[in-house]
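Notes follow the structure.
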Amino acid sequence: MSGSGFGTLFRVSTFGESHGPALGAVVEGCPSGVSLTEADLQSDLDRRRPGQSRFTTQRREADQVRILSGVFEGVTTGTPIGLLIENTDQRSRDYSKIKDLFRPGHADYPYWKKYGVRDYRGGGRASARETAMRVAAGGVARKLLSQSGVMIRGALTGIGPEFIDRDQWDWAQVAENPFFTPDAGAVARFAALMEEIGTAGDSIGATLEVVASGVPAGLGEPIFDRLDADLAKAMMSINAVKGVEIGDGMASGTMRGSAMADEMIPAGTQDAAGRADAEFLSNHAGGVLGGLSTGQEILVRMAVKPTSSIRIPRRTIDRHGAPAEVVTHGRHDPCVGIRAVPIAEGMMALVLADHLLMQRRFDGR
């Protein structure tokens, strides 16, 4: 299988299946001398870890990461960093009844058509379990970015038709509730909706956004390797993500130029090369113009579709082409978007770390 690697200079390759013995990643291109311990990576993994509330899958995985290589005496050596997480709570028997059936909305069918072999145990490589390694590798990228003052934060902004009140946005609230939402007032509404969805045996989609602050101006490459293009690819590569916006995104198509253009005034400062800094009066572009960062906050929004494994009967076919009905039992997220917040943060970190290293090479550093 190709397509399991991501990045140019800061490159990550992952391996492993949902019900295999372990998941792993190899991170290449991280400079030497970056302080890094397993504890640095574990905090984000703990946020993504299943079984932490009644609103997520009850699969019990510690998601304890091990650093196998590339770190000596607490700092990176510049060599490939090997990461490993063992699977400890697989229940493959839950999937035995659907081994010859294709779940509507899931990757079962196209995987079988492409490879002729299907790992039906939790979806195999197509399972969201794979994203644990994205979070672990993203933790390495975060440590590199922190040296340049870059901070990445994400939040859930809606579940189904229920959305937060943006006037009540408080980043401190994100860590205080099981939905990773910045609006404390939305928690009760989200919980009630999730109870309804769980009782019905159904699932529901979600929306979230990720913000990076402290990003220097000029990151990115023109034309095909634009920063926003790489961010869009990174987010679209996450399981179940079906829509991505940078800044105002789709709303841009309804706006006039006089409203969309982010006006600038003098900041009264200069960068190290003596070039004048600008202060922006708005950020409709989401911190990226012409594929390059502007120095503003980078804002990415995304929509995550409902989980495909549900207890409501759905029409499908079996591997022989006969009509069938499928009901999925087992432990599944009724809203996979809830645990997608740290995953999206990790993917943004990977993109920004990659472009930061490309800019350093461009600058001759």
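The values are calculated or read from the model by the stated rules, or taken from the named source; none is laboratory data. Everything numeric here is computed off the predicted structure, so don't read it as measured data. A quick note on method: Cβ atoms are made from the backbone with ideal geometry, for glycine too, and the neighbour counts reach across all protein chains shown. For accessibility, only protein heavy atoms count, side chains too; no ligands or nucleic acids. Shrake-Rupley method; radii C 1.70, N 1.55, O 1.52, S 1.80 Å.
Output the residues belonging to the range 117-132 that are more than 18 Å from the chain's Cα centre (by Cα) and closer than 17 Å to ALA22 by Cβ.
ASP119, ARG121, GLY122, GLY123, GLY124
For the range 183-199, what are the residues that are of a type outside the set (Gly, Ala, Ser) and either over 14 Å from ILE338 (Cβ atoms) or open to solvent by 60 Å² or more (accessible area, probe 1.4 Å) (or both)?
Answer for the range 183-199, where residues must be of a type outside the set (Gly, Ala, Ser) and either over 14 Å from ILE338 (Cβ atoms) or open to solvent by 60 Å² or more (accessible area, probe 1.4 Å) (or both): ASP183, ARG189, GLU195, GLU196, THR199.
Quick one: what pairs do we get from the range 252-279, first residue in a loop (DSSP other than H, G, I, E, B), second of a type in the set (S, T, N, Q) and surrounded by 10 or more Cβ atoms within 10 Å (Cβ to Cβ), C-beta under 8 Å, 6+ apart or different chains?
ASP262/SER282; ASP262/ASN283; ASP262/THR294; ASP262/GLN296; GLU263/SER282
Inspect the range 155-171 for any residue being under 16 Å from VAL341 (Cβ atoms), of a type in the set (Gly, Ala, Ser) and modelled with pLDDT under 95 and give the result as yes or no.
no
Could you tell me which of the residues PRO216, PRO178 is modelled with pLDDT under 95, part of a loop (DSSP other than H, G, I, E, B) and open to solvent by less than 60 Å² (accessible area, probe 1.4 Å)?
PRO178
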